[in-house]
Amino acid sequence: MILTRFQKVYSIVFLFLLFFITSSVISNSHAADVGNCLLCHKYPGISRIDEEGKMRLFYVNESIFNNSVHAKVKCEGCHTDIKEIPHKTAVKVDCLVECHIVEPSTEKKFSHKDVDTFLNKSVHGMVDKEGNEKKYAADYPGCKDCHDNPLYRPLSFFKSVRPGISEASLGRCRVCHKKDEFIYRFYNHVTTRLHKSRNPLNIAEVCARCHDDVSLVERHELSTKAVFSYGETFHGKAARFLSEKIPDCLDCHVNKGESVHQMLSKNDPSSSIHENNKGKVCATIDCHPSASAKLAKYAVHSEFSLKQSPAQYFFTFFFIVLTGGTLLPLMGIIFLDLVRRFFPHATIGRRK
């Protein structure tokens, strides 16, 4: 009799858990969470202390993930080592693995390996032309150093009053496509690639993580405070006011029509910032189409340095001396006048 009651209670609990898990799978069917990983990872407090004593947070915000560029990718598409639940410690994700997503123009599975090939040949690559690891290889950026913002940035074509999703364009999509889930995902995927995913200020801040690091700049013998000097120009000051119509680091340092992963050194003849090519950058149709090559002679990253720009150094030094030599005596005269006004009978030393 007791065993029978226990079996009934066990059956009810089992059915409840089965219903809970099934309903969770159904509720998350619109996302890439086929394995129902969010059953555990949806809780903000899920974390642990790893072997190095560091806190590891494993929380996944479902809303953010579903609006990200990886929304269509299954969890197992990146975490290929996880085969069971509960699972063991996950291996670090390799961005170069082959995804399950099919690239439509070739009908082959997509991979980031081509991006890695471009990056290795660029100025940010960790290996040289002979395939040997560069000095201070750990200083060079990896994927996550720049790609830290996985969200879509939809673009409105019809109205410039407010950025975001255009209901007019979505209405056109609905003429042929019946599922809103597909419409929003396709719209986000396309529009976020029709313009910059970051504004110029954000791009400058990302570049500053390395290029304004004094110790890193000294190790690689780079121009000091390159991002800071950009901020002192008209372009940089406009970026601070969140203007998106001005050029940022990538507009000048990447050849038009090429990927940002193909950025080259200024000493490379194919580089956009090579001495022979800088004029073409300024004279693009988006910037100064009628400008001559002389405009590119302007030093965007000029610094207060005698070695780099002696003319600007002496010019700036002259005005510092002129300003100080004019204002300091004037301020001294004003100060003495104030003292006389407050203390009209004050004297220095004894009166005879």
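Where a number appears in this text, it was derived from the coordinates with a stated rule and is not lab data. Quantities reported herein were computed from a predicted structural model and do not represent experimental measurements. Backbone-built Cβ (ideal geometry, glycine too); neighbour counts: all protein chains shown.
Rank these for me by crowding, ARG153, ARG174, going from fewest to most other beta carbons within 10 Å.
Values: ARG153 18, ARG174 11.
So the ranking, lowest neighbour count to highest, is ARG174, ARG153.
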Too-long pairs where the Cα-Cα distance tops 28 Å, listed order kept, from LYS74/LYS129; LYS225/LYS280; LYS256/LYS294: LYS74/LYS129
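Give, rounded to the nearest 20 debye, the magnitude of the charge dipole that the chain has about its Cα centre when Lys and Arg contribute +1 at Cβ and Asp and Glu contribute -1 at Cβ.
Working: 48 positive and 38 negative charges, 287 e Å.
In debye, rounded to 20, the chain gives about 1380.
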Exposed-loop-free span, longest in the chain, where chymotrypsin sites (Phe, Trp or Tyr not before Pro) count as exposed if DSSP calls them loop and at most 11 other C-beta atoms lie within 10 Å: 1-135
Cα long-axis angle, helix 310-342 against the chain (0 to 90 degrees, to the nearest 10): 70 degrees
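Below 9 angstrom from the Cβ of LEU96, what's the summed charge of the other residues (Lys, Arg +1; Asp, Glu -1)?
Values: positive: LYS113; negative: ASP94, GLU98, ASP116.
Result for the neighbourhood of LEU96: -2.
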Angle in degrees between helix 167-176 and the longest Cα principal axis of the chain, rounded to the nearest 10: 30 degrees
On Cα atoms only, tilt of 180-191 relative to the major axis of the chain in degrees: 30 degrees
Scaled radius of gyration (Cα, divided by 2.2 N^0.38 Å) that segment 213-352 gives: 1.69
Proximal aspartates and glutamates relative to LYS42, as straight alpha-carbon distance under 12 Å, when same-chain residues fewer than 8 apart are discounted: ASP33, GLU62
Helix-only CD estimate at 222 nm, as mean residue ellipticity for the chain, using -39500 (n - 2.57) per DSSP H run (n ≥ 4): -12500 deg cm²/dmol
Ascending count of other beta-carbon atoms within 10 Å, so fewest first, for HIS112, HIS147: HIS147, HIS112
Within the chain, longest stretch clear of exposed GluC sites (Glu not before Pro) (DSSP loop, no more than 10 other Cβ within 10 Å): 222-352
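What relative contact order, as a whole-number percentage, does the chain give when Cα pairs under 8 Å and 6 or more residues apart are counted? Before the final figure, lay out each step's value.
Working: 325 pairs, mean separation 28.8, N = 352.
Here the relative contact order equals 8 percent.
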Of the trypsin sites (Lys or Arg not before Pro) in segment 175-207, those whose Cβ has at most 10 other Cβ within 10 Å and which sit in DSSP loop: LYS178, LYS179
Which label in (1) 37.9, 116; (2) 30.3, 124; (3) 31.6, 105 gives the computed Rg and Dmax of the Cα atoms in Å: (2)
